[in-house]
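Chemist: Sharing a structure below in structure tokens format, with a few things to ask.
The values are calculated or read from the model by the stated rules, or taken from the named source; none is laboratory data. Note that the coordinates shown come from a computational prediction; the quantities given were computed from them, not determined experimentally. Here the Cβ is made from the backbone with ideal geometry for all residues, glycine too, and neighbour counts use every protein chain on show. When the accessible area is computed, the model is the full protein with side chains, heavy atoms only, and any ligands, DNA or RNA have been set aside. Shrake-Rupley method; radii C 1.70, N 1.55, O 1.52, S 1.80 Å.
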Amino acid sequence: MKRIFLLRHLKSSWDFPELDDFDRPLNERGERAGPLVARHIAAHAVRPDLVLCSAARRTRQTLDHIVEVLDGVPVLYERRLYEATAANLLKRLKELPTDIESVMLIGHNPGLHKLATGLTEKEVPDTVAGLADLRAKYPTGTLVTLTAPVDEWVDLESGLCRLRAVVRPKDLEN
């Protein structure tokens, strides 16, 4: 059984139109949500074997908020995760070595959203908490937890995963 944590970057700023999209930073709301997400990750013992992080500024800044609670988990920053399609994200996951049991992917919409919904497409929304919400929207800062009944990442396919949790920053505010 493999475990997948999909984290969409925190809320980013559009205040600097001269910046390339790749270089956009987090905004104030994203900075406020960062510690909430970090506390959730710590409280629920989310500790992947590896973090794959888009090389974009806002994803790196998102990781900065949680890196301490991940306590030394290896991180790979990859440019190809920026603006990646769901198919390309799935392809990247399938490249993981077998000894990696769990991975956190920090990325962007729409690819991350389509990956999450594609991996869980066989689940019935009425029986899975959060699935209908996930299919409707994947807000910034949302952490999705999936399990995949495979021994090898190369066997990961659409529809195989089970949704275990969907946590949005607004769920953590109280």
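Chemist: Only one of (1) at pLDDT 95 or above; (2) touching a Pro at 6+ places or on another chain (Cβ under 9 Å); (3) of a type outside the set (Val, Ile, Thr) fails for Leu131. Which number is that?
Modeler: If we test Leu131 against (1) at pLDDT 95 or above; (2) touching a Pro at 6+ places or on another chain (Cβ under 9 Å); (3) of a type outside the set (Val, Ile, Thr), just (1) comes out false.
Chemist: Regarding Leu96, is this residue closer than 21 Å to Tyr82 by Cα and within 13 Å of the chain's Cα centre (by Cα)?
Modeler: Details: closer than 21 Å to Tyr82 by Cα: yes; within 13 Å of the chain's Cα centre (by Cα): no.
Taking the combined requirement at face value, the residue does not satisfy it.
Chemist: Restricting segment 105-130 to residues that are open to solvent by 20 Å² or more (accessible area, probe 1.4 Å) and of a type in the set (A, V, I, L, M), which is nearest to Ser12 (Cα to Cα)? If you could, list the steps in order and put the result at the bottom.
Modeler: Going residue by residue through segment 105-130, those that are open to solvent by 20 Å² or more (accessible area, probe 1.4 Å) are 109-110, 113-114, 117, 121-127, 129-130.
Next, only the ones that are of a type in the set (A, V, I, L, M) stay: 124, 129.
Working: Val124: 32, Ala129: 27 Å.
Checked segment 105-130; the qualifying residue nearest to Ser12 (Cα to Cα) is Ala129.
Chemist: Count, please, the residues in segment 22-46 that happen to be loosely packed, with under 15 Cβ neighbours inside 10 Å and among the hydrophobic types (A, V, I, L, M, F, W, C).
Modeler: 3
Chemist: Still on this model: Answer yes or no: is there a residue in segment 99-112 that is touching a Phe, Trp or Tyr at 6+ places or on another chain (Cβ under 7 Å), in contact (Cβ under 8 Å) with a residue 60 or more places away in the chain and among the charged types (D, E, K, R).
Modeler: no
Chemist: Oh, and also: Please give the number of the condition Arg92 fails out of (1) in contact with a helix residue (DSSP H, G or I) (Cβ under 8 Å, 6 or more places away or on another chain); (2) over 28 Å from Arg24 (Cβ atoms); (3) open to solvent by 10 Å² or more (accessible area, probe 1.4 Å).
Modeler: (2)
Chemist: Scan segment 135-158 for residues that are among the hydroxyl-bearing types (Ser, Thr, Tyr), assigned to a loop (DSSP other than H, G, I, E, B) and either open to solvent by 10 Å² or more (accessible area, probe 1.4 Å) or more than 16 Å from Glu123 (Cβ to Cβ) (or both) and jot them down. So that I can check it myself, show each step before the final result.
Modeler: Taking segment 135-158 first, the residues among the hydroxyl-bearing types (Ser, Thr, Tyr) are 138, 140, 142, 145, 147, 158.
Pick out the ones that are also assigned to a loop (DSSP other than H, G, I, E, B) and you get 138, 140, 142, 158.
Matches in segment 135-158: Thr140, Thr142, Ser158.
Chemist: Still on this structure, please answer the following. Looking only at helices (runs of 4 or more DSSP H) that fall completely inside segment 4-101, which ones have 1 or more residues that are modelled with pLDDT of 95 or more and closer than 23 Å to Trp153 by Cα?
Modeler: Values: elements: 28-43, 57-70, 86-94.
In segment 4-101, the matching helices (runs of 4 or more DSSP H) lie at 57-70, 86-94.
Chemist: Quick check on my filter: what residues within segment 103-120 are closer than 20 Å to Gly159 by Cβ and of a type in the set (S, T, N, Q)?
Modeler: Correct list: Thr117, Thr120.
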